[in-house]
1. Run the numbers on segment 24-115 and let me know its relative contact order in percent, using alpha-carbon pairs under 8 Å that are six or more apart.
2. Show me 95-103, 43-51 ranked by packing, highest mean number of other Cβ atoms within 10 Å first.
3. In nanometres, what is the gap between the two model label sites at Ala58 and Asn102, each 7 Å from Cα along Cα-to-Cβ?
4. Computed on alpha carbon atoms, what radius of gyration and Dmax characterise segment 24-115, expressed in Å?
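Each value in this text was obtained by applying a stated rule to the coordinates, not by laboratory testing. Note that the structure is a prediction, hence the values are computed from the model and not measured. Positions of Cβ are backbone-derived with ideal geometry, glycine not excepted, and every protein chain shown enters the neighbour counts.
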Amino acid sequence: MSRLLGALLLLGLLAGCATPSSSLPPMELSVDAPGPRALEASAEALMAGGYVVRHADASLGRLEAVFSRWPGYRVRVEVEGEGDHSRLRLAASRGGRTLPPNTLEALAAEILARVGPPSP
């Protein structure tokens, strides 16, 4: 009986680990800068804030960075643009869980300061 109870308890604990994380929409920014410049400004802002850029590909318009010390944030930047106008999507996670977009407000302000004011 106690084995059955222990097995059920263990199964219940493991089932709690399999719940999917909530998916929040990324923060979006509009900037008046070509895509490669917007991605470069994003990398500069992240590095100035203590992040380490792990992957960056200007041709794909993607960048991934991790915070160099605890609590281990991960930031992903995606850039789409036409001409001198770009749209940036910023998403952050910690421990595999998506963080709310407002956690990226300071980073967004730093990126905007590096490339200029947002377009109307």
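1. Averaging sequence separation for qualifying contacts and normalising by length gives 35 percent for segment 24-115.
2. The most tightly packed comes first, giving 43-51, 95-103.
3. Computed distance between label sites Ala58 and Asn102 equals 3.7 nm.
4. Calculated on Cα positions, Rg and Dmax stand at 12.1, 38 Å.
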